[in-house]
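First the structure, in the form of structure tokens, and then the observations on it.
Every read-out reported here was derived from the displayed coordinates using simple, explicitly stated rules and does not represent laboratory data. As the structure is a computational prediction, the values presented were derived from the model and not from experiment. Neighbour counts are summed over all protein chains in view; Cβ atoms, including those assigned to glycine, are modelled from backbone coordinates with ideal geometry.
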Amino acid sequence: MFARNAELPLRWLMDTAPGLEPEWIRLARANNTRIVVTAGELAALNDALEELMAPYVVREPDRRPPDGREVRLLMYALPEGPGSADAETDTGIPE
């Protein structure tokens, strides 16, 4: 899954972004935030994100707003190994 999707952000940047209106460009986001959680907390966070997105994912075509666009949301949850604290300090502020 990771390898298959790895090129998507760059492909979007090169192929899609140049043709988008400024409003849509401003709404594009990348988030690289490190958090410290238990396995249970990460599972709960994943579930909460799925629940938050669900109404948009399952919305019937006739219920979609006329000015709506498809948006790909990529989320990676990459647990680190025990004791593998990164030397860099992560501010937690999305890029």
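Modelled spin labels at R4 and A39, positioned 7 Å past Cα toward Cβ, are 2.5 nm from each other. Counting charges near W24 (Lys, Arg +1; Asp, Glu -1) among other residues having Cβ under 12 Å from its Cβ returns a value of -1. Under 11 Å from a label point set 7 Å out along the Cα-to-Cβ vector of R72, the amide N atoms of the range 1-44 belong to 4-17.
Distance between the modelled labels on A17 and R64, one decimal in nanometres: 2.4 nm (7 Å Cα→Cβ projection).
Consider the candidate values (i) 16.6, 50; (ii) 14.7, 40; (iii) 12.8, 37; state which one is Rg and Dmax of the Cα atoms in Å computed from the structure displayed. Only one option fits the structure, namely (i). Relative to the longest principal axis of the Cα atoms of the chain, the long axis of helix 39-57 makes an angle of roughly 0 degrees.
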